[in-house]
Amino acid sequence: MSDSHLPFLGAALAHPYRVGLVLGESQCRYGDLLSVSERVAHFLLRGRSDLREARIVLLAPPGFAYVAAHWGIWRAGGVIVPLALAHPVPELVSLIEDADPELVLVHPNTEKRGIPAAEACGVPWADVVDSLKGPPGTKLSDLFAPMPDAPPLPVIAESRDAHIIYTSGTTGKPKGAVTTHAATRHQVESIARAWEITRHDRVLNALPLHHVHGIVNALLCPLWQGASVELLPRFDPDAIWSSFANLRLSIFMGVPTMYVRLIRAWERMPHERRRVVGWSAGDLRLTISGSAALPAWVRERWEGITEQVIFERYGLTETGMVLTNPPNGTGAGGYVGHPFPSVQVRLRRDGGGLALPGEEGCIEVRGPGLFREYWRRPEETAAAFRDGWFDTGDRAVRHEHNGYRILGRESVDIIKTGGEKVSAFEIEDVLRRHYRVGDCAVVGIPNDEWGEQVSAAVVITRGMAFSTAELRGWVKRHLANYKAPARIIAVDELPRNSMGKVLKDQVRDLFLRAP
Ligand code: MCA
Ligand code: AMP
């Protein structure tokens, strides 16, 4: 088997017979992933020696095909651009146009949206399941067989780009954060060191695979270490409780909303089952929350059910993981702890200078795990850094012992709902294109289950009737369903200052006061 010298393959090459993935009833060994990803690489290369950082969009649900394609893209010298399963065609078109890929890999479950989107962009597409078979003409029965006559795969320099992950910002459409192989390795090594992840771990991953959380933390990091990952095709609280009860898992990672959903599912169970699954979850080595603030009640309730303390960490798409509590459960609730190994963090005080312990400021990050650039957006890349430090836009305070406590974001126009970051501007832009909407303002309203709920105040064009369902449907036709406002209220006019700028704090108050 040819070796493309990527360090993430190390554990796979050393332990081909170990189980890498658990998918329902079936298991997949590292050796299988190596064989099949080599076939994917040759499928993508079509006789060429190196994809030379061509972007390949992957639109596939979590599963064997996703992981084999991911590895195959990297081994062929390509850059993976994973897109969300929730995107409707227009949003896929806009992301594919931006990424400018050489190919879109769709899956039987995603082709209904993936194919029209690729065709609208004039980009070729292929079925990821076909790519697993390797060069055309390969029989399915040869899937896991070695490829003795295949030419060697390219040697990939670590300075080359590895993936582009789209993230919403304060301006316009989502931006692609480009991360190199070297930065990805630093992110993985940093997590593995901080959380002591080894080949003896077994991680349950029910996260979507188009974010750093699901890809780097819960998939690449354990596979890099030679551990096993149980991949769920989608988040299903009952399936997760069953996995806790039936499998010897050691790590679960989730966003706060997932813990809320798990708690609600537990509360619906018969008394006896509650005890069994609660104890099994208590046997996990690590239960980790991130991507949004973990409410105190969730942490306490979870501890009551499982006798297990959820520990919180903090990170971003652009930086990978930044801050973490100690994995032994001794961190304080409400804090996200101290920097990961090799990550430097500082707090910039408003008006300049660095904040002292106990003083509020904006988190800035530096280190070898940071992204390289926003794809084809040099100005926005430059604006994201100050003296080489990445400006996270998150506000925090630091205390000597417990570390950092996140206080919120600088911008009211970024909303975190169920761990998904959404831009108010993007939703306002779509709402304004509806013929009934004269004007609108989108804000995030605190919510027990979602953290924040996307909420829109709309000025309806004179004389028109107003329907929440119609406006939600309109947004869902253009953007991922989680961007559709959960709450919509009609107002005569939006509160504005003397310069005409919408006063979002006052818009928020409208919702907080509404019944
Ligand atoms: C689904 N819905 C949502 C969301 N997700 N509404 C608001 N916010 C959401 N995030 C709505 C759908 O529109 C739908 O509404 C209804 O819920 C059911 O949809 P379904 O897809 O079945 O929902 P679900 O599967 O239960 O999803 C909830 C979820 C999901 C599992 C919490 O949102 C999720 O996987 N979130 C994690 C996102 C994540 O990985 N973030 C990491 C990025 P309707 O019926 O009206 O259509 S941050 C990151 O990577 C950094 C580095 C970090 O720090 O981790
Ligand atoms: P994303 O851009 O989707 O990667 O989301 C990154 C953002 O998620 C950060 O800038 C924070 O606002 C938020 N975030 C991540 N982890 C936490 C956490 N533990 N507590 C509060 N916010 C968090």
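All of the numbers you see were taken from the coordinates with simple rules; none came from a lab. Worth saying up front: this structure is predicted, and the values here are computed from it rather than measured. All Cβ positions, glycine included, derive from the backbone under ideal geometry; neighbour counts span all protein chains shown.
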Scaled by the rule-of-thumb 2.2 N^0.38 Å, the alpha carbon Rg for the chain gives a ratio of 0.98
Please figure out what share of the DSSP beta bridges in the chain is antiparallel and state it in percent, rounded to the nearest 5.
65 percent
Efficiency of FRET between R268 and E379 - r from beta-carbon atoms, R0 45 angstrom, step 0.05:
0.35
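Dipole magnitude of segment 205-271 about its Cα centre, charges +1 at Lys/Arg Cβ and -1 at Asp/Glu Cβ only, in debye to the nearest 20? Show your work: numbers first, answer last.
Values: 5 positive and 4 negative charges, 14 e Å.
Dipole about the Cα centre, nearest 20: 60 debye.
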Estimated distance in nm for a label pair at N109 and H399, the labels positioned 7 Å out from Cα along Cα-to-Cβ:
4.3 nm
In degrees between 0 and 90, to the nearest 10, how far off the longest principal axis of the chain does helix 256-267 point, with axes built from Cα atoms?
90 degrees
So the FRET efficiency between R46 and L407, C-beta based with R0 = 60 Å and rounded to 0.05, is 0.70
Kirkwood hydrodynamic radius for segment 278-400: how many Å is it when counted over pairs of different Cα atoms?
15.9 Å
List, in order, the whole-Hz ³J(HN,Hα) value for each residue of segment 23-30 obtained from phi through the Karplus relation with A = 6.51, B = -1.76, C = 1.60 and θ = phi - 60°; use x for Gly and Pro.
10, x, 7, 9, 10, 10, 7, 4
When a footprinting reagent is the concern and you count Cβ atoms within 10 Å, what order do K421, K483 take, fewest first?
K421, K483
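With the cut-off at 1.5 for a/c, could you classify segment 115-194 from its C-alpha gyration tensor as rounded, prolate or oblate? Show your work: numbers first, answer last.
On the way: a/c = 2.54, a/b = 1.27, b/c = 1.99.
Oblate, since a/c reaches 1.5 and b/c is not below a/b.
Just subtract the alpha-carbon distance of L512 and R346 from 0.36 nm times their residue separation and send over the number in nm, one decimal. Present the calculation step by step, with values, prior to reporting the outcome.
Values: separation 166, 0.36 × 166 = 59.76 nm, distance 3.37 nm.
Contour length minus the Cα-Cα distance gives 56.4 nm.
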In whole Hz and in residue order, list the ³J(HN,Hα) couplings for segment 230-237 that follow from phi through the Karplus curve 6.51 cos²θ - 1.76 cosθ + 1.60, θ = phi - 60°; x for Gly and Pro.
8, 9, 9, x, 7, 6, 9, x
If we count other beta carbons within 10 Å of each Cβ, what is the order of D201, D130, fewest first?
D130, D201
Segment V276-E97, extension gain: residue separation times 0.36 nm, minus the distance between their alpha carbons
59.5 nm
May I ask you to compute the full-extension gain from E25 to D505, defined as 0.36 nm times their residue separation minus their alpha-carbon distance, rounded to one decimal in nm?
167.8 nm
What distance in nm separates the simple spin-label points at A239 and L354, each placed 7 Å from Cα in the Cβ direction?
4.6 nm
Of all DSSP beta bridges located in segment 7-154, what percent are antiparallel, nearest 5?
25 percent
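Size of the dipole of segment 362-500 about the Cα centre, Lys and Arg at +1 and Asp and Glu at -1 on the beta carbon, nothing else charged, in debye to 20? If you can, show how the numbers build up before the last one.
Values: 21 positive and 21 negative charges, 74 e Å.
Magnitude of the dipole: close to 360 debye.
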Taking R0 as 35 Å, what FRET efficiency do you get between A126 and R487 from their Cβ-Cβ distance, rounded to the nearest 0.05?
0.30
Greater than 28 Å apart at Cα, pairs in K133/K416; K133/K476; K175/K501; K173/K504; K476/K504
K133/K416; K133/K476
How large is ³J(HN,Hα), in whole Hz, for each residue of segment 74-85 in order, when computed from phi with the Karplus curve 6.51 cos²θ - 1.76 cosθ + 1.60 and θ = phi - 60°, using x for Gly and Pro?
4, 5, 8, x, x, 10, 7, 10, x, 10, 6, 5
Work out Dmax and Rg for segment 182-270 from the C-alpha atoms and quote the Rg first, both in angstrom.
13.5, 49
18 Å reach of a label modelled at R18, 7 Å along Cα-to-Cβ, counting backbone N of segment 275-290:
285-286
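Given the alpha-carbon gyration tensor of segment 73-213, what are the semi-axes of its equivalent ellipsoid in whole angstrom, ordered largest first, with each equal to the square root of 5 times an eigenvalue? Could you put the intermediate results ahead of the total?
Details: eigenvalues 128, 122, 51 Å².
Three semi-axes, in Å: 25, 25, 16.
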